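The values are calculated or read from the model by the stated rules, or taken from the named source; none is laboratory data. Model, not experiment: these values are computed from the prediction. Note that we place each Cβ from the backbone using ideal geometry, even for glycine, and neighbour counts take in every protein chain shown.
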Amino acid sequence: MATPLTDPPIGSTGPVGRGGSAPSAGSAGSAGKASAAASGGPVGASGMTGADLDGFRVAQRLAYDCAEAVAARLRPGTTEREATAMMRQWLVEHGVRDWLHLPFAWFGDRTAFTGFKVPHQFFATNRRLAEGMPFILDVAPVFDGCTADIGYTTSLGPNPVVDRLLDDLAAHRAFILEAVQAGRTLRQIYLDVDALMARQGYENRHRAYPFGVIAHRVDKVSDARLRPHAFGFGMRALRGLLHDGLRGHREGWSPLWNHRRLSDHPATPGLWAVEPHVGFRGVGAKFEELLVVEDDGHAYWLDDDLPHVHRWADRGIQGTAATGSAPGFPGVTAVPVPVVAAPGPAPDQMSAAGLPTVPKESA
């Protein structure tokens, strides 16, 4: 039975929270799971061992290291295609041989998927980066059989709009974990995230993805000599997602987390790549990272040692300390605190506040 969240609704159809505290990473039972993880024994995430989760953590950190390294090299005039080539080269040089999907890069208003109607528009273009322009780097490597899927948002130089969007995404990380822990259905959480975005003054831009997903399952990929990919996607990892889809169709669940009827069930055990994506007047921002769901419904973010989490901590954004981490993750103290928006002008007041416009992009 789903546990009701503690706070009043935010315009959704169910009793979802706004400003509630997220569960502590040290909640009941996590000490034993931490011991199991440390010993390499089963941890209850659909049969995965602590060593398995360590492998996914390494893959995820590698992908974020790539995004940060390439972001630091981007300059005015760099194209999306050049950025994706840099990411692919960096990851290959660091041992990646397979992919869930090859790198994506979105510059300027493409960060908000402005005008996107067909799937090929997600692929890199000759759009050039300009000073102050937002950009998103997204990549999903398979490293030692473990799949990561990450999204990294920043800008080339200061951009207060990007800063505000990134600040406000902290509430989504806290809320999604709390709602999964409470046993809410994926469909309801999706709609509740929609409502939170609307309350913040933003548009839901993950709805533009194929199937409108906010998240999808990832799994281990067995090693093989041949690692084919087509249309930007690794065929072996994609085959695993398709297998999950067929199995879920028979059993009444979906590996794709969206607003449709097939997602009207609680999160299934395993790993989910979660990517809430907000948009505001042609600027988009998101994070993407792995959420662990255990067989008993306990959930936690695989890793708190990630750029967006450090950014929130550095900026004093409340709520992030309570979002959870892998049991026993060193140096993280989970203290329940209210989830509140960062200080600053409301989104609908941004123009009045004199924030700079996004530079005009070249095609």
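Overview of results
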item	result
Among (1) crowded, with 23+ Cβ neighbours inside 10 Å; (2) closer than 28 Å to PHE113 by Cα; (3) modelled with pLDDT of 95 or more - the single one GLY282 does not satisfy	(1)
Matching residues in the stretch 141-171 - criterion: being polar (S, T, N, Q) and in contact with a helix residue (DSSP H, G or I) (Cβ under 7 Å, 6 or more places away or on another chain)	THR147, THR153, THR154, SER155
Within the stretch 291-336, tally of residues that are in a loop (DSSP other than H, G, I, E, B) and modelled with pLDDT under 50	14
Residues of the stretch 99-144 that turn out to be of a type outside the set (S, T, N, Q) and surrounded by fewer than 17 Cβ atoms within 10 Å (Cβ to Cβ), as a count	9
Within the stretch 42-98, considering residues that are part of a loop (DSSP other than H, G, I, E, B) and surrounded by 18 or more Cβ atoms within 10 Å (Cβ to Cβ), the one nearest to the chain's Cα centre (by Cα)	VAL96
THR268 at pLDDT 60 or above and either outside any strand (DSSP E or B) or surrounded by fewer than 16 Cβ atoms within 10 Å (Cβ to Cβ) (or both)	yes
